[in-house]
Amino acid sequence: MTGKFTPKVVTANALREGDVVYMKANDDWTRDLGEAELLTEEGYAKLRLLMAEGQPEYVVGPYLADVADGENGPRPIHFREAFRSAGPSNYFHGKQAGLN
């Protein structure tokens with residue numbers, strides 16, 4: 001017996017910059033998790049992952065990440081994805097640059 005499917009997003013790293021990116025419903029990529037396409041069906045999630053894997057000129061290492069449907073779009077439910085969505089771990093690069 002299979003368990004209930006946990007919603008997912010397709011995530012990867014941008015090929016050129018290395019930033020964490022998320023696949024949008026229009027097949028484009030965003031650095032904002034809230035803009036990612038929320039995938040609620042397992043078969044469709046696998047199809048979207050295949051689409052991402054077919055874009056090696058844009059991204060590396062695509063995979064499906066567990067998320068929850070939040071007020072402002074998908075939100076991470078695991079520490080790893082929360083950490084990745086926040087950007088680099090120092091305050092002088094990427095998404096965290098404006099926090100200093």
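The values are calculated or read from the model by the stated rules, or taken from the named source; none is laboratory data. None of the values given here were measured: they were computed from a predicted structure. Every residue, glycine as well, gets a Cβ built from its backbone with ideal geometry; the counts of neighbours run over all protein chains shown. Protein only, heavy atoms only, side chains kept; ligands, DNA and RNA dropped before computing areas. Shrake-Rupley method; radii C 1.70, N 1.55, O 1.52, S 1.80 Å.
Take the residues of region 39-81 that are open to solvent by less than 40 Å² (accessible area, probe 1.4 Å) and of a type in the set (A, V, I, L, M): which is farthest from Tyr22 (Cα to Cα)? Once the filter is applied, the top-ranked residue is Ala68.
A single member of Asn26, Asn13 is at pLDDT below 95 and more than 8 Å from the chain's Cα centre (by Cα), and it is Asn13.
Take Glu17 and decide whether it is in contact with a strand residue (DSSP E or B) (Cβ under 8 Å, 6 or more places away or on another chain) and part of a loop (DSSP other than H, G, I, E, B). No.
Among the residues of region 1-28, those identified as farther than 17 Å from Glu53 by Cα and in contact (Cβ under 8 Å) with a residue 12 or more places away in the chain are Phe5, Thr6, Pro7.
When Arg31, Arg48, Arg80 are screened for being among the charged types (D, E, K, R) and touching a residue at least 60 places away in the same chain (Cβ under 8 Å), only Arg31 passes. Please verify whether region 46-66 includes one or more residues that are under 13 Å from Lys8 (Cβ atoms) and either assigned to a loop (DSSP other than H, G, I, E, B) or at pLDDT below 90 (or both). For region 46-66, residues under 13 Å from Lys8 (Cβ atoms) and either assigned to a loop (DSSP other than H, G, I, E, B) or at pLDDT below 90 (or both): absent.
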